[in-house]
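For reference, the structure is listed below as structure tokens.
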Amino acid sequence: MPKPSGRPPRRTEERATGRTPPSGERRGSRRRDGSALTPVVRATKATPSVHEEGERLQKTLARTGYGSRRAAEELIRDGRVTVNGKPAELGRRVSPARDRIAVDGVPVPADPELRYLALNKPPGVTSTLRDPHAARTIADILPPGPRIFPVGRLDRESEGLMLLTNDGTLASRLQHPRYGVEKEYLVDAAGAIGPDRLRDLTRGVQLEDGPARALRARRVQGDRSRAAVAMVMVEGRKREIRRMFAALGLPVRRLVRVRLGPIRLGGLAPGGWRDLEPGEVAALYRAAGLIEARSGPPRTPPSRSRGAPRRRSRSPERRPQP
């Protein structure tokens, strides 16, 4: 067993003070004259408070489409911005993924990972992200970026507006019939459709999985051989509209979804997509009951493109011709 040396534990000056000892000095806990090394206490950075971390609030608002930073500062000064339910102050820092930011009571989609997309699905494309049996899915026409999921589906031969997002709470509300979010379609059917048939659609048609009814239905144009019908639904059962028309002896020739809640298809070209504006996201939140509807016209922030570049159709929206 080795004998104890009687020396103090070996500890270099670099460890104790964070500096190299002068030339000629012995490495250890004492100098040659016997004086002890004086430990140097380094100043440490104070831990930043929660409000000092993250991104400046005006920068977050500008990034999400609420004008320039100067315009965002005006919103904060006017008391129109809240963070976690409390009025915000100029210079406040926020965590976009954690803090709840609102302008005029409308939630701001500040999390940079959240995305809201409108897509015009062409016929022949499967409305899922992965299907080994499909020749083409919507994943083939979506832009790169955070993974997003379709809000409901359209059958393969149907076409028109689809919304995609990774905001799970909003997506769930938009799809559930309990919240009554309207979905509007244009249906091109073979056969004559008069007032009696329109009443059948709104009163209810018996299907194998229960009755199905349209909230509203009206004939847009048509003759004795075919007709175009605009109808509004709140359910989204599999091939529901096609089965309703088939039960009435009216085969569907073309089916286009033109609206989902407050979002319209507009002039978006088949296969085209665009990011939703902050005002459109706020309107979806209102439609889904996630925020209370305000009286009077809502204050909509200025338009601003976000994310990937948009592809828009140059031609106006076209309805299916009979």
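Among the residues of region 70-90, those identified as exposed (fewer than 15 other Cβ atoms within 10 Å of the Cβ) and either in a strand (DSSP E or B) or within 23 Å of the chain's Cα centre (by Cα) (or both) are Asn84, Gly85, Lys86, Pro87. Considering each residue of region 162-179, count those that are farther than 25 Å from Pro112 by Cβ and either in contact with a strand residue (DSSP E or B) (Cβ under 8 Å, 6 or more places away or on another chain) or touching a residue at least 60 places away in the same chain (Cβ under 8 Å) (or both), and give that number. The total comes to 1.
All conditions but one from (1) buried (at least 16 other Cβ atoms within 10 Å of the Cβ); (2) farther than 25 Å from Leu268 by Cβ; (3) small (Gly, Ala, Ser); (4) at pLDDT 90 or above apply to Ala102; the one that does not is (4). Evaluating Val281 against the criteria (1) modelled with pLDDT under 90; (2) assigned to a loop (DSSP other than H, G, I, E, B); (3) under 28 Å from Asp155 (Cβ atoms) leaves one unmet condition, (2).
With respect to Ala139, determine if the residue is hydrophobic (A, V, I, L, M, F, W, C), without any contact (Cβ under 8 Å) to a residue 24 or more places away in the chain and more than 22 Å from Ile263 (Cβ to Cβ). Don't jump to the end; show me each part of the working.
Details: hydrophobic (A, V, I, L, M, F, W, C): yes; without any contact (Cβ under 8 Å) to a residue 24 or more places away in the chain: yes; more than 22 Å from Ile263 (Cβ to Cβ): no.
In short, no.
Whenever a residue of region 91-107 is part of a strand (DSSP E or B), its partners that are surrounded by fewer than 15 Cβ atoms within 10 Å (Cβ to Cβ) and acidic (Asp, Glu), lying with C-beta atoms within less than 8 angstrom and at least six residues away or across chains, give the pairs Arg93/Glu52; Arg93/Glu53.
The values are calculated or read from the model by the stated rules, or taken from the named source; none is laboratory data. All values reported here derive from a predicted model rather than from experimental measurement. No Cβ is skipped: glycine too gets one built from the backbone with ideal geometry, and neighbour counts run over all protein chains shown.
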